[in-house]
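Read the structure below first, then the notes.
The values are calculated or read from the model by the stated rules, or taken from the named source; none is laboratory data. What you see is a predicted model, and the numbers here were worked out from it, not measured in a lab. Cβ placement follows ideal geometry from the backbone for every residue including glycine, while neighbour counts extend to all protein chains displayed.
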Amino acid sequence: MPQQENKLLRPLAVVAAILLIVGGGAAFFLSSQKTQQQARQQTEQVREQAASAATPAEPATAAPTSPTATPTTAPTTAPTTAPTTAPTSATPTPAAATVTPGGVASTVDTAAWTAKVWPSDAAGGAATLIDEHLSASFSNVGAGISQLSLADHFETIREPRVPVILQAEQQTPQYGPDGRVLKTVDGRDLVSVAAPLAALGIEVNGTFINLSVDAAGSLWTRTGPATFMAEIADASGSTALRITRAYSIAKGSRQLSLAQTIQNLGTQAINIRWYQMGPVDLPKDPATYIGEKRRLRFGYLLSPGYDPTQSFVQSREFVIDHAYALGTYTPGIGYAELQHWPNATSRENSFSLSWIGMTNRYFGLALHAAGVETSVAARKFTAIESVDRVAMLRPALANGTRDDVMALRTTSPVFAVNPGATLDLSMAMYAGALIRHEMRSDPVARALSLDGLVIYTMGGPCAFCTFDFLTSGLLWLLITLHNYLTFDWALAIVVLVVIVRTILHPITKWSQVRMQRFGKQMQAMAPKQQKLKDKYSHDPKLLQQETAKLWREEGINPLGLLGCIPMFLQMPIWIALYALLFFAAELRHQPAFFGLFQTIGHPTFMADLAVPDHLYEFKGAATGYHVPVLSALLGPITGINILPLILAVVFYIHQTYLTPQTTQMTPEQEAQQRMIKWMSLIMFPLFMYNAPAGLTTYFVTNSALAIFEHKLIRKHIDKHDLLNLDKMKAEKANKGPGFLARMQQLAEAQRKAAEAKARKSR
């Protein structure tokens, strides 16, 4: 490339980069301002919630271990058969006739009411449910979930295949105000236990009764398969409340259902508020290449004024990253409680809660009301009034960072339950991969629009460019290519890149032609422009006028400077593709090129498009090796990856081809060119080393095609002699002056007229 062209392109590239950074920074600033505003609003709501809560939780605990701890709630679908319970002297009446929201006047004395403590072995061992898609085991801690696994998805492709665990009972130390772990009387560490969906407690006429754990034994007894019962006795020792929880999984379903009832066996109406543990953190994805991608979501219904039928579930307003949902850690204190629902936005717009969702990179779950598939009214989650986050503290890691657990606590409205009545708080939890067609095949997920859990966005400034319509369209195209043309995801990615570059080729060609024309014109005009600078260096205004005149005489269109703009117009597509390929659960555990490399005996290379290509996989790859400095940027090193190195070479060739060496380059320019090339060899492998193989396949293909495309563009330029300056001037003369030139001529004429008028006035 000529010297002058290189001189021009470098500042243009710098300007373009600045524009990109400023644009992204602006988007990020606006987003951060909104987040900060929401945080302030949520803080005010937390204070209101704390004033009305029965007994606030300690900041350092998530699951109550005493009657003073605060609880949480979770949804489930009612089973077709009633749970087996112990005999009762009272026959409950239908809840619809006897249970009403809001308080009732009552003189019931609850001060001496207690939960019955069953022998520690009363449950008869852990209950387990196993089906085609889900597997669940349960805990006596609040009759919650000890572990929820996906039976059809596995952690790695290696044997033995371990199912993906979405929920698990969490145990973490309890910390005192001084930051030290609290001890039991016998010197053991005091721990907090959080079992997903566990019953935390019940508030009867303002008095909280713990239902989570008891030092003497279990507060829950198992009365059947995955069925639990708790009883609360009044001051006389008679059973006043009976609570049943029955879990079930319908055959072939991705729904874990919880049939949950509270029976008033007493003689007086009482006010009941129910506290329950919601979901706890989903596990981190082992890929640390892009950072933390766990999120908290809420599905909601619009106000009746906008949606009279209350049937269309939305989720766009609530996408909360894990770091924000967890809150800010204060040494020696922990995390303050934070209310996530309702917040200022939901209150201002009269949104109604429909579901609570959590996701990581590839998987998600959502808690919702029972009977959604048969009742539109069930899309409103009336069993939950508020959702709070209570963090569970873990010891600090060796690098000083924290890996604490976010648990959700749900609180119900106050229900008035008449004597002999049954309060039904049944709910369900959807669990599965973030694959839209799988979700839409499930009637419950389809009714609740749970595909709103799928978010193809990296967050931060990139979220500005990751448009839903782009990612959705590109995903549809990728799936179509795989299902009907390539039958292989890696080949589908290659074809996708070819299609995208073909569509964008006219823009790319226009941009390259403009830039090369402008560069050659500026090179030819450089001596004349230097003479003008020397002649009018004392008068910048006159220099500007003469330069503009020279540009008109030479037929140079300043719009040639815009030749780089089309490249930036393509960036939303590139970012959307980038995010899509990183988050696409469809690519997880999928080998490249029909498993060719595995067929010829290589067990790890390109065996999973969702992880690095692993030409050679280190032993202990599940955890990886931590290399000082390098691992801080890339995460654990799990193997030797060849695709990022290939990408660096291809990009180096691309740069060499675009900017060939010329005899006109100064030593400084040559050094600059070498630095750019060597930086490409270093930076690309560095930033892409732990990237998923699907992503690196995309970038290698894209860079290789870019070389071929630029060769075609240069051939087109040479064929039509598009850089012939004499030909360009002749064509310009035949066409007459362009719009910009005419505007310049008009401005010059007005200037001369003003000068003439000024001379006459003198």
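Quick rundown of the values:
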| item | result |
| --- | --- |
| Subset of segment 322-336 [on the phi < 0 side of the Ramachandran plot and either surrounded by fewer than 21 Cβ atoms within 10 Å (Cβ to Cβ) or not assigned by TED's automatic domain parsing to the domain that holds Gly357 (or both)] | His322, Ala323, Tyr324, Ala325, Thr328, Tyr329, Thr330, Pro331, Ile333, Ala336 |
| Selection from segment 505-553 of residues that are surrounded by fewer than 12 Cβ atoms within 10 Å (Cβ to Cβ) and not in a helix (DSSP H, G or I) | Ser537, His538, Asp539 |
| Pairs with Cβ under 8 Å, 6+ apart, first in segment 526-544 and closer than 19 Å to Glu748 by Cβ, second of a type in the set (Phe, Trp, Tyr) and not in a helix (DSSP H, G or I) | Leu542/Tyr536; Leu543/Tyr536 |
| Only one of Asn349, Asn343 that is within 23 Å of Lys293 (Cβ to Cβ) and assigned by TED's automatic domain parsing to the domain that holds Asp281 | Asn343 |
| Segment 350-391 - residue that is among the acidic types (Asp, Glu) and either under 30 Å from Pro692 (Cβ atoms) or touching a helix residue (DSSP H, G or I) at 6+ places or on another chain (Cβ under 9 Å) (or both) and, of those, modelled with the lowest pLDDT | Glu373 |
| Residue that is modelled with the highest pLDDT [pool: residues in segment 251-299 that are farther than 21 Å from Leu197 by Cβ and of a type in the set (Ser, Thr, Tyr)] | Thr267 |
| Residue within segment 274-282 that is in contact (Cβ under 8 Å) with a residue 12 or more places away in the chain, closer than 27 Å to Ser386 by Cβ, not in a strand (DSSP E or B) and not aromatic (Phe, Trp, Tyr) present | yes |
| Every pair of residues 6+ apart whose Cβ atoms lie under 9 Å, when the first sits in segment 499-512 and is in the same structural domain as Lys711 (by TED's automatic domain parsing) while the second is not in a helix (DSSP H, G or I) | Val500/Gln570; Leu504/Gln570; Ile507/Gln570; Thr508/Gln570 |
| Complete set of residues in segment 412-438 that are within 26 Å of the chain's Cα centre (by Cα) and either modelled with pLDDT of 90 or more or of a type in the set (D, E, K, R) (or both) | Met427, Ala428, Met429, Tyr430, Ala431, Gly432, Ala433, Leu434, Ile435, Arg436, Glu438 |
| Some residue of segment 589-602 being touching a residue at least 60 places away in the same chain (Cβ under 8 Å), over 19 Å from Leu485 (Cα atoms) and among the hydrophobic types (A, V, I, L, M, F, W, C) | no |
